[in-house]
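Structure, as C-alpha cells:
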Amino acid sequence: PQVEALADNGGAFRSMALRNTSPAIGQIPETLCLDTDQRFHYRKDDEFCDAGAYEFGASLIQAGETSFVQAEYQIGESATELTIEVQRTGGSQGKVEATLLDMEYGSATPVTDYYEFKQEKLVWHDNETGVKTFTLQPRGDVTEEGDETTSLSLVSALNGLALGSPSTAKVTIVDDDV
C-alpha cells in the first residue's frame, strides 16, 4: 500500500500518512467529505478529498478555544432571565461546538429555583468567532431562603476547539423575599 507506517501524525490517535503516490488521494467526492481529517487538519478545498483518516497535504486547523466570558453571574430570583455568554477566541477555522452543562453544584435546585436544563450545545461555524449566549431562567418564590447558587461547566469541545479559562461559571440567584 502507498502509506507510511502507523505513527503519531498529530491528533488523538495514530494514523498512516499517505504517500504522494497513494491511490487514496482525491477519491471521495467533496459532498461526502468531513471538514477535517481525524487529526483536525483541514481537508483540501477541492472537488475530492482523500479516503481515510489522513488528508495528504492538509494543514492544522486553527479552531481556537472556548470559555465563559465571566466566571460569576448573578440574578434576582424574580427576574425573568439571565444571559450567560460563552466565547470562541484565538481561531476561527472549522465548524466547532462546545457543550454547556448544569453541574447542579450548590444550593439552588433545578425546577424549584430555576427552569431545569441538562445541557446546551453551542455552535460556531467556519470563520465565525465571538460570543454565543444561553439563557437561564430563575423561578421566583415567596420563601425566605437566602441566596442560592449553581455551577455551569463547559465540558466538551469538538473539532479541534480547546477548552479555555474560565470553563466553569458560578450562578448566584439572589433571594428577594423579605
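The values are calculated or read from the model by the stated rules, or taken from the named source; none is laboratory data. Keep in mind that what you see is a predicted model, and the values were worked out from it rather than measured. Every residue, glycine among them, receives a Cβ derived from its backbone with ideal geometry; neighbour counts consider all protein chains shown. Side chains included, ligands, DNA and RNA excluded: accessible areas come from the protein's heavy atoms. Shrake-Rupley method; radii C 1.70, N 1.55, O 1.52, S 1.80 Å.
Just a few scattered comments:
- Note on residue 123 and residue 151: with the Förster distance fixed at 22 Å, the Cβ-Cβ geometry gives a FRET efficiency of about 0.45.
- Descending principal axes extents, segment 30-163, alpha-carbon based, whole Å: 64, 23, 21
- Two-site FRET efficiency, residue 97 against residue 8, from Cβ-Cβ distance with R₀ of 41 Å, rounded to 0.05: 0.95
- Averaged over its residues, the chain has an accessible area of 55 Å² per residue, based on protein heavy atoms and a 1.4 Å probe.
- Carbon and sulfur %, accessible surface of segment 78-178 computed with the full protein complex present, 1.4 Å: 44 percent
- On full extension, the segment bounded by residue 107 and residue 47 gains 16.1 nm, given 0.36 nm per residue less the C-alpha separation.
- Value of relative contact order over the chain, rounded to a whole percent, pairs C-alpha under 8 Å and six or more apart: 23 percent
- Local charge for residue 139 was computed over the other residues whose Cβ lies under 10 Å away, with Lys and Arg +1 and Asp and Glu -1, and equals -4.
- Fully extended contour minus Cα-Cα distance, from residue 165 to residue 74, at 0.36 nm per residue: 30.9 nm
- Sequence-separation-based contact order of segment 118-178, relative, with Cα cut under 8 Å and 6+ spacing, percent: 36 percent
- Solvent exposure, largest accessible area first (probe 1.4 Å, DNA, RNA and ligands not counted), of 125, 41: 125, 41
- Residue 126 accessible area, 1.4 Å probe, all protein chains in place, Å² to nearest 10: 80 Å²
- Solvent-accessible ranking of 85, 72, largest area first, probe 1.4 Å: 72, 85
- Environment charge of residue 74, counting only residues whose C-beta is closer than 10 Å and scoring Lys/Arg +1, Asp/Glu -1: -1
- Of 95/132; 132/170; 95/170, those spanning more than 21 Å from alpha-carbon to alpha-carbon: 95/170
- Within-14-Å neighbourhood charge of residue 157 [Cβ basis; K, R +1; D, E -1]: +1
- Sites listed here are trypsin sites (Lys or Arg not before Pro) in segment 15-88 whose DSSP assignment is loop and whose Cβ has at most 15 other Cβ atoms within 10 Å: 19.
- D by Stokes-Einstein for segment 21-61, Kirkwood Rh over Cα pairs, 20 °C, 1.002 mPa s: 218 µm²/s.
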